[in-house]
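To start, the structure itself, in structure tokens.
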Amino acid sequence: MSTATAPDTRTPASHPADRHDLIRVLGARVNNLRDVSLEIPKRRLTVFTGVSGSGKSSLVFDTVAAESRRLINETYSAFLQGFMPTLARPDVDLLDGLTTAILVDQERMGANPRSTVGTATDANAMLRILFSRLGTPHIGPPTAFSFNVPTRKASGVMSTEKGGRVEKAVVRDAVYLGGMCPRCEGMGSISDIDRSALYDDARSLNEGALTVPGYSMDGWYGRLFSGVGLDMDKPIRDYSADELHTLLHGEPTKIKVEGVNLTYEGLVPRIQKSMLSKDVDALQPHVRRFVQRAVTFTPCPDCGGTRLTREALGSRIRGANIADLCAMQISDLAGWARELDEPSVAPLLAGLQHLLDSFTGIGLGYLSLDRPAGTLSGGEAQRTKMIRHLGSSLTDVTYVFDEPSIGLHPHDIERMNGLLLQLRDKGNTVLVVEHKPEMIAIADHVVDLGPGAGSGGGEVVFEGTVAGLRASGTLTGRHLDDRTALRPSVRTPTGVLEVRGARTHNLRDVDVDIPLGVLVVVTGVAGSGKSSLVHGSVAPRDGVVVVDQGAIRGSRRSNPATYTGLLEPVRKAFAKANGVKPALFSANSEGACPTCNGAGVVFTDLGVMATVESPCEECEGRRFQAAVLEYTLGGKDIAEVLAMPVTEARAFFAAGEARTPAAHAILDRLADVGLGYLTLGQPLTTLSGGERQRLKLATQMAEGGDVYVLDEPTTGLHLADVEQLLGLLDRLVDAGRSVVVIEHHQAVMAHADWLIDLGPGAGHDGGRVVFEGTPADLVAARAGLTGEHLAAYVRA
């Protein structure tokens, strides 16, 4: 007789490993953080919010993620660490419970024109293998389909080591097959430089004949031209044929200038290497304007712009070559791959189909694989980086996202929310820096930083659930349910800017009249053609000032004062008040502290260990020589002025001995864009993405223009700051300017005088104007996705 054992229904004792369910931060002091201590739950989705500059990025990126990466780097051998960037330990007392951190940020992808969406995501690599197996006629290995690999031929003696002996064989015409078009070297286009756009032939070099950006005769370029024997004072029109050839097409030549060995090279090859080797759309705006003016790009006649050899283009699968497939919209290419039934390459096809479906799932199905990576917006680049993680087998990883809603229509945000929850549900910790209420709403845990920005922030003002945040009374909590009302009356246009037959990218012969003298918002789902319409048909016109999403460049020595041009009138005011040279008041010139060379910090290299950064003992971090700090203006020295927030400096330069109208005008613009809390000498490297965007806006507001084009100005803006932005846009319009905004934020749409909605879908499903009229008309008609979301937003 047997007795059945009853199942043990007691709860098993928790395993010791299960107690490690928190990331603990104690005493974080990075940038403006003030001894921040908190606990972040693992395997949950945590959203960090707060006004711009409150310390969100400092906590998430510069503390938690930075320490995780540093600790992982330390697991490698000392030899390997010598080749890796040295990461300093964040200023924090304790970090516990960290897991591997993967950053998915807003940084644009590389500006190398050889980098495309396909090469950046391994889709091209899979297609090359597919064609090397199934393409007819068969032409060779996967490299035969790569536009980055040239075909090489070799002859000679080949040595092969076998079992301790060397076998030699004579090889004649060995061919290493590549797919690079030899005419355009895999670039897809050939360039022709207009010589008249390079120089003014009526002037001499010393008189500033060269019109190429950055080629000033005051620096090394002037010494190079002089050192190679060119007459610096003779007008270029009087140059002999040999002199002109040396100036424009001179071969690389070693010369010695002032005891320094240098290489001289003609203007044309130097421009080709420094400017034309990069993707034009990813260049700095002033360089891009020069290239567009001076250089004519035409599709390569040999490859038709496909970048590939004739042999690669001749190999086909079901009637399509690899260039045809890369030019397809990715959503269409996914359909083509699904219809391909080839058991011999089934695993490869499954991987390719998953990758292409991930593009569609993340809202990028409208792209093509041959799209240059440098032309992707910050939001598109971020989502492209996400793709490789969606099918990853890794779990218990910390994913860190920086405003994943950037560039997304409200309709697309729902899809992004699903992807973030998918990552969390696989057992990962998801940390998101975000301002949009739609994304805050899905959080399991919310951390609100503040209460203000800059020195007024750096504290955790709330931790808990979304419902708790609403009831908390913090700035974010109070504004979480804010709704901008529709305009009771709209302004009357003063004219129209006509666009006829626009066909840039996916636009389909678009005809539209953009009203002038009012606030116009261009909207539509991601990939519908908004940027193509505005940047392709409006931005190139005279009198148009464009404030785009391009990142501002700057080192630790750059700060708001140097970037905006504020330092120039300030230095002159100090020099005039004290009777000395303006150069003394620059930490990058004569006034710099000799110990730290004006950096304010001293770096100690400890070999394979992290480089230690410490304040300079001689200048105590003020960057200037002691003698320079004895000169004052209005009772303040230059270091004290650079330590002022914008609002304080604005009052300082408005009246009294320090009154400087030129400086005051720049400070007014900085305050207008909501950067009143920023200190003038704060390094650009410590600014958040939203702060950099608004710094750029403040600088470009000074440019004289009749039409301002703004590309998603709400990027990085807290809910409370959006109202201030709307006020700024109104002031621009009321001053007689026309403002055209590409935007997804419903508050900006509701505040517009006129809306232009593109769609109805993305890629070839978009490219048409589906609505133009007032926001009230769009809400009443509930036209398309934008109409539905705007109506829900204003609760109509």
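Picking from residues in the stretch 762-788 that are out of contact with any strand residue (DSSP E or B) (no Cβ under 9 Å at 6 or more places or on another chain) and of a type outside the set (A, V, I, L, M, F, W, C), the one that is nearest to H411 (Cα to Cα) is E788.
The single condition among (1) of a type in the set (S, T, N, Q); (2) modelled with pLDDT of 95 or more; (3) in a loop (DSSP other than H, G, I, E, B) that N31 does not meet is (2). Here G374, G351 are screened, and the one residue that is under 24 Å from L419 (Cβ atoms) and at pLDDT below 95 is G351. Suppose the filter is closer than 27 Å to Y366 by Cα, in contact with a Leu (Cβ under 8 Å, 6 or more places away or on another chain) and outside any loop (DSSP other than H, G, I, E, B); does L103 pass it? It is false that L103 is closer than 27 Å to Y366 by Cα, in contact with a Leu (Cβ under 8 Å, 6 or more places away or on another chain) and outside any loop (DSSP other than H, G, I, E, B).
Counting only residues that are surrounded by fewer than 20 Cβ atoms within 10 Å (Cβ to Cβ) and polar (S, T, N, Q), the stretch 100-114 holds 2 of them. Only residues that are in contact (Cβ under 8 Å) with a residue 40 or more places away in the chain and either within 20 Å of L198 (Cα to Cα) or in contact with an Asp or Glu (Cβ under 9 Å, 6 or more places away or on another chain) (or both) were counted in the stretch 248-274, giving 6. Taken over the stretch 383-434, residues that are over 18 Å from the mean Cα position of the chain (by Cα), more than 23 Å from A120 (Cα to Cα) and part of a loop (DSSP other than H, G, I, E, B) amount to 6.
Among the residues in the stretch 693-702, are any under 27 Å from G477 (Cα atoms), outside the structural domain of P515 (by TED's automatic domain parsing) and touching a His at 6+ places or on another chain (Cβ under 8 Å)?
Our first condition is that a residue be under 27 Å from G477 (Cα atoms); within the stretch 693-702, this holds for 693-695.
Retained after the next criterion (residues that are outside the structural domain of P515 (by TED's automatic domain parsing)): 693-695.
Now narrow it down to the ones that are touching a His at 6+ places or on another chain (Cβ under 8 Å): none.
No, every residue in the stretch 693-702 fails to be under 27 Å from G477 (Cα atoms), outside the structural domain of P515 (by TED's automatic domain parsing) and touching a His at 6+ places or on another chain (Cβ under 8 Å).
Scan the stretch 439-466 for residues that are within 21 Å of L22 (Cβ to Cβ), without any contact (Cβ under 8 Å) to a residue 40 or more places away in the chain and assigned to a loop (DSSP other than H, G, I, E, B) and the total you get is 1. When G82, G53 are checked against the criterion of being at pLDDT below 90 and either touching a Pro at 6+ places or on another chain (Cβ under 6 Å) or within 21 Å of Q682 (Cα to Cα) (or both), a single residue qualifies: G53.
If only residues of the stretch 70-90 that are surrounded by fewer than 16 Cβ atoms within 10 Å (Cβ to Cβ) and closer than 20 Å to G55 by Cα are counted, the one that is nearest to the chain's Cα centre (by Cα) is A88.
Beta carbons closer than 7 Å, at least 6 apart along the sequence or on distinct chains, pair a first residue in the stretch 405-425 that is of a type in the set (S, T, Y) with a second that is in a helix (DSSP H, G or I) for S405/I413; S405/M416; S405/M439. Can you say whether G188 is small (G, A, S), crowded, with 19+ Cβ neighbours inside 10 Å, more than 23 Å from K256 (Cα to Cα) and touching an Asp or Glu at 6+ places or on another chain (Cβ under 9 Å), as far as the supplied structure shows? Answer is yes for this residue.
Residue count for the stretch 703-762 satisfying the condition of being over 23 Å from the mean Cα position of the chain (by Cα) and part of a strand (DSSP E or B): 9.
Just one of the listed residues (V748, V794) is over 25 Å from S377 (Cβ atoms) and touching a residue at least 12 places away in the same chain (Cβ under 8 Å), namely V794.
The values are calculated or read from the model by the stated rules, or taken from the named source; none is laboratory data. This structure is a prediction, so every number in the text was calculated from the model and none was measured. Note that we place each Cβ from the backbone using ideal geometry, even for glycine, and neighbour counts take in every protein chain shown.
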